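What follows is a set of notes on a single structure, which appears directly below.
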Amino acid sequence: MITVEQAQALCLELVQTAPSETVALADAQGRTLAAPLYARRDQPPFSASAMDGYAVRRVDAVQHAVLDVVAESAAGHGWDGTVQAGQAVRIFTGAPVPDGADCVVIQENVTAAGTQIKLSEPIGSNMNIRPQGADFKREFSLGSPRALTPPDLALIAAMNHPVVSLTRKPKVALISTGDELLMPGGDPAPDQIIASNVFALHAMLRDAGADPNILPIAPDTPDALDNVLQQAADWGADIIVTIGGASVGDHDLVAPALDRFGVTRSFHKIAMRPGKPLMAGSKGATAFLGLPGNPVSAVVCGHLFLLPMVRRALGQSDVLPRALTARLTAPLPRGGPRAHYMRAMFEEGAEKRTVTAFDKQDSSMLTVLADANCLLLRPIDDAAKNAGDPVTIYPII
Ligand code: AMP
Ligand code: MG
């Protein structure tokens, strides 16, 4: 069986960067810039006053000087004259500094009388002027790929772009499989359960910047699987995810269905716990990921394989889950022949980060998963660990 790292690399090979699309700036939060974006102007576009006060010539700005106030420059209403010797222009924050002036005396340091001002205080070293282009100059650029943050949106607006070119959200179809499943709110027979993990995956995908779509549940028949796979393809999915039916039991029909659909298998089964029956493949530009049905297995594999595929489709470079080191609060026995991703809780202490693995590690238990904030990795054949030993964790919320 291949390792998690090998499987991650193979999964990433199945994914192509999605094409770009033009999006209104107000809708761009969290999305990925598809190409470098250049400023269309300097910011500020003119030398601007940083304070309310008087624009003067630096040589005139001496304590006790008396200057004539000849005009006013306000934000959005500049004055196009030139400040001469012995003159001052009333100015406000953000207003253009008029020609001739190279210093703004703040109003607190001035006594005004009629059309004259007297500089009551010594002039400091601060000219109170934001030079043209001090924030950014024309042709300044934001590099790509870049996941846009709220401050980025303000910066792009100041660069005078109303729309941006973003990587299209990868379309991810989610297909639950199993005769026993029905959607939440239904009226389950005694031998039925609710399709649950698909809602975690849907939310994770949305947060990661994908466009997920929960398709109808496919019962365990070849026809039903063929139909829903076709639906996913017709919708234009970039990644088609099946959930369940991935092992080799009599009712595990996903691998043969993918074969019939023309998917070239990349791998099936990995040395991992939970998640051993994972499979992946591709057909043309469409990637396929077959997740195990157990709720925890599906979500763990979602973090380790599906989200990296989405990030790759978004053109991002740092796509694998973020690993941290934490110290165990309790000993752990020797690891097994498969890498174990234990559900655990980490805490950021003042001195160090600690982590506690939950006692229950059954891959069907959603209550344990819901309490976990990280996965604790036990590598293949990991030696027994003592309290205080460092381990690798992957935050999941
Ligand atoms: P399977 O991989 O189909 O053998 O499913 C393994 C276990 O996960 C079984 O107990 C299924 O009932 C359960 N299961 C499969 N799909 C889902 C799902 N979408 N939501 C919750 N449980 C599921
Ligand atoms: Mg099943």
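The values are calculated or read from the model by the stated rules, or taken from the named source; none is laboratory data. Keep in mind that this is a model prediction, so the values were computed, not measured. Positions of Cβ are backbone-derived with ideal geometry, glycine not excepted, and every protein chain shown enters the neighbour counts.
Observations
- Per this entry, Ile194 is counted among residues that are out of contact with any helix residue (DSSP H, G or I) (no Cβ under 6 Å at 6 or more places or on another chain), within 15 Å of ligand 2 (Cβ to nearest atom) and of a type in the set (A, V, I, L, M).
- Pairs, first more than 28 Å from Glu21 (Cα to Cα) and more than 16 Å from ligand 2 (Cβ to nearest atom) in segment 289-317, second of a type in the set (A, V, I, L, M) and in a strand (DSSP E or B), C-beta under 8 Å, six or more apart: Val300/Leu375
- Residues being under 20 Å from Gln6 (Cβ atoms), crowded, with 22+ Cβ neighbours inside 10 Å and in contact with a helix residue (DSSP H, G or I) (Cβ under 7 Å, 6 or more places away or on another chain) - total across segment 242-269: 1
A quick yes/no check of all residues on (1) in a strand (DSSP E or B); (2) surrounded by fewer than 21 Cβ atoms within 10 Å (Cβ to Cβ):
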residue: Gly275; (1), (2): no, no
residue: Gly281; (1), (2): yes, no
residue: Val299; (1), (2): no, no
residue: Met309; (1), (2): no, no
residue: Val319; (1), (2): no, yes
residue: Arg327; (1), (2): yes, yes
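- Matching entry among Ala218, Ala203 (being among the small types (Gly, Ala, Ser), within 15 Å of ligand 1 (Cβ to nearest atom) and surrounded by fewer than 18 Cβ atoms within 10 Å (Cβ to Cβ)): Ala203
- Hey, Val62 of a type in the set (Val, Ile, Thr) and surrounded by 14 or more Cβ atoms within 10 Å (Cβ to Cβ) or not: no
- Restricting segment 1-30 to residues that are within 21 Å of Ser266 (Cα to Cα) and not aliphatic (A, V, I, L, M) leaves a set whose member that is nearest to the chain's Cα centre (by Cα) is Thr17.
- Lone unmet requirement of (1) under 23 Å from Leu377 (Cβ atoms); (2) touching a strand residue (DSSP E or B) at 6+ places or on another chain (Cβ under 9 Å); (3) more than 16 Å from ligand 1 (Cβ to nearest atom); (4) not acidic (Asp, Glu) for Leu307: (2)
- Listed by first and then second residue, the pairs linking a residue in segment 246-263 that is free of Cβ contacts under 8 Å to residues at least 60 places away in the same chain to a residue that is within 9 Å of ligand 1 (Cβ to nearest atom) and among the acidic types (Asp, Glu), with Cβ atoms under 7 Å apart and 6 or more places separating them unless they lie on different chains, are Ala246/Asp252.
- Residues located in segment 81-137, provided they are among the polar types (S, T, N, Q) and either assigned to a loop (DSSP other than H, G, I, E, B) or modelled with pLDDT under 95 (or both): Gln84, Thr93, Thr115, Ser120, Ser125, Asn126, Asn128, Gln132
- Looking only at segment 168-187, and only at residues there that are closer than 30 Å to Ser20 by Cα and within 13 Å of ligand 1 (Cβ to nearest atom), the one that is farthest from the chain's Cα centre (by Cα): Ser176
- Answer residue from segment 220-268, given it is over 16 Å from Leu291 (Cα atoms), within 16 Å of ligand 2 (Cβ to nearest atom) and in a loop (DSSP other than H, G, I, E, B) and is nearest to the chain's Cα centre (by Cα) among those: Thr221
- Conditions (1) surrounded by 15 or more Cβ atoms within 10 Å (Cβ to Cβ); (2) assigned to a loop (DSSP other than H, G, I, E, B): number failed by Val164: (2)
- Search result, residues across segment 138-161 that are more than 14 Å from the chain's Cα centre (by Cα), in a loop (DSSP other than H, G, I, E, B) and modelled with pLDDT of 95 or more: Arg138, Phe140, Gly143, Met159, Asn160, His161
- Out of Ser282, Ser247, one residue alone is among the polar types (S, T, N, Q) and away from ligand 1 (no atom under 16 Å from the Cβ). It is Ser282.
- Lone unmet requirement of (1) exposed (fewer than 13 other Cβ atoms within 10 Å of the Cβ); (2) within 30 Å of Val164 (Cβ to Cβ) for Ala85: (2)
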